[in-house]
Amino acid sequence: MSKKTEKILVLLADFLFINLAWIVFFHFRISSGIFDLLVMPEFLFPMLVVYFYWLLIFSFVGMYRTWFALSRFDELSTLFKASFVGIFLLYFLILFDDYTHGVSSESRFLIFFYWGFFFLFVSAGRLAIRGFQRRLLINGVGRRNALLVGFNKKANEIHDEIIKHPALGIDVVGYITIDKDNFQKSYNNISVLGNVAGIPQKIDELHIQEIIIVLMKFSEDLLIEIIGKCENKNVGLKIAPDLYNILSGQARTAQLYGFPLIDINPQLMPVWEAKVKRFLDLIFALIILLLTSPLMLITAAVIKLDSKGPVLFKQERCGQNGKIFNIYKFRSMKQDAEKLTGPVWSTKDDPRITRVGKFVRKVRIDELPQMINILKGEMSLVGPRPERPFFVEKLSLEIPYYKRRLKVRPGITGWAQVKHKYDESVEDVKEKLKYDLFYIENMSLRMDFKIMFRTVFVMLFGKGHFD
């Protein structure tokens, strides 16, 4: 089952069972004789409002993320917590409405009867969908090809568990070894296909969707190299718990039918925070565009008068998951600044910068057009700065973990920009990468606000760098 089909089925099931819960509750309320009815309550409009209310809550808590081998208990637990919060929000909204209208009604306690119907029906719908999914997986529909990195006793044990539990939906199609003595070997009729260097090729050739790393002897550099080989691929990464200490803070525990693994998580921000972050991006981008529009018009006119060339500078950058997009900035350099040199990093006192460009860079006015990139969903207010494809490929060869930056939406400002100077060498890039990885591993709304406040300080005192 494709991710799109799965999401549609879950949405349809929720639509059906959320509204069914309302219908049953409504008839229980008017026909049970337990409750006094002064007037006949409305039926259709409240049902639609309540449905979209739950749709919003479920989206915020991540209940429409694509599912893979999630336990039914975990799903019901998430549903219980989401519905618990949702019901109490509704209760206090009704309480506030009663208070503002000067009435004292006991009918608000009816909502807890509704909660019972809601949890019962929506749970049944979710379990039915997940049961259907598991049956499809067992019958060979929607299964995922996996590579086991490591050829050893523990890797063989995990392989046995995968075969024993077909509802996982995983098919091990090959082993990757770090020991050349293991070439030509096989286990359960699955062969060793090569070494770490060939992982990207095997991912493409065999349509791999899961990488499970099980190494008995390892080094930090080797593990980072393996993860780096998978960074730009759409694969899930899991490692045996013995390796967890190396990646502490970047992973979460998962269970393979009782066999513990660590799920390497490229983005630790909770789903609801990610939704709020995107919402704030849109609001701030619109506000900044409206408030600075006179300043932007003046800047455009001055740039046009100062030097030849277009007002806006457009350049290809690598976005989330390596997707290429055009970044917009006010032009601060001479036209065709890289015509003779090719792609090079800018420096603090770059001779290619125009007179006006020096000022707009110092006060960061040149970054204002990137609000358009935010509205288009290509960038965020806060995140690692987007780099050019040329440098991404070049740096990823020199720094194995570099492409991890591409797992999140790039930003106008970031932790690296408020903590470090211009990129003038590979060493500067390596130093900034540490700050970017720290941000990715600690993403939160609190962290974003902290960076935005520091950015204001940088703009006022002319420190830091946005490239």
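The values are calculated or read from the model by the stated rules, or taken from the named source; none is laboratory data. Only a predicted model underlies this, so the values are computations on that prediction, with no experimental measurement involved. Virtual Cβ from ideal backbone geometry, glycine too; neighbours counted across all protein chains shown.
Whether any residue in the stretch 431-443 is at pLDDT 85 or above and outside any helix (DSSP H, G or I) is what I want to check.
No, the stretch 431-443 contains no residue that is at pLDDT 85 or above and outside any helix (DSSP H, G or I).
Look through LYS217, LYS229, LYS180 and report the one residue that is modelled with pLDDT under 90, in contact with a helix residue (DSSP H, G or I) (Cβ under 9 Å, 6 or more places away or on another chain) and of a type in the set (Lys, Arg). Steps first, please.
Working: LYS217 fails: in contact with a helix residue (DSSP H, G or I) (Cβ under 9 Å, 6 or more places away or on another chain); LYS180 fails: in contact with a helix residue (DSSP H, G or I) (Cβ under 9 Å, 6 or more places away or on another chain).
On inspection, the qualifying residue turns out to be LYS229.
Considering each of ILE94, ILE158, ILE162, ILE129 in turn, give the residue that is closer than 18 Å to PRO41 by Cβ, in a helix (DSSP H, G or I), modelled with pLDDT under 90 and of a type in the set (A, V, I, L, M). Working first, answer last.
On the way: ILE158 fails: closer than 18 Å to PRO41 by Cβ; ILE162 fails: closer than 18 Å to PRO41 by Cβ; ILE129 fails: closer than 18 Å to PRO41 by Cβ.
Just one listed residue meets the conditions, ILE94.
Name every residue in the stretch 109-151 that is surrounded by 19 or more Cβ atoms within 10 Å (Cβ to Cβ), within 30 Å of GLN209 (Cα to Cα) and over 27 Å from the mean Cα position of the chain (by Cα), in order of residue number.
Selection gives GLY150, PHE151.
Which pairs turn up if I take residues in the stretch 64-75 that are in the same structural domain as PHE15 (by TED's automatic domain parsing) and modelled with pLDDT of 60 or more and look for partners that are in a loop (DSSP other than H, G, I, E, B) and not hydroxyl-bearing (Ser, Thr, Tyr) with beta carbon separation below 9 Å, at least 6 apart in sequence or on another chain?
Short answer, once both residue conditions are applied: GLU75/MET63; GLU75/TRP67.
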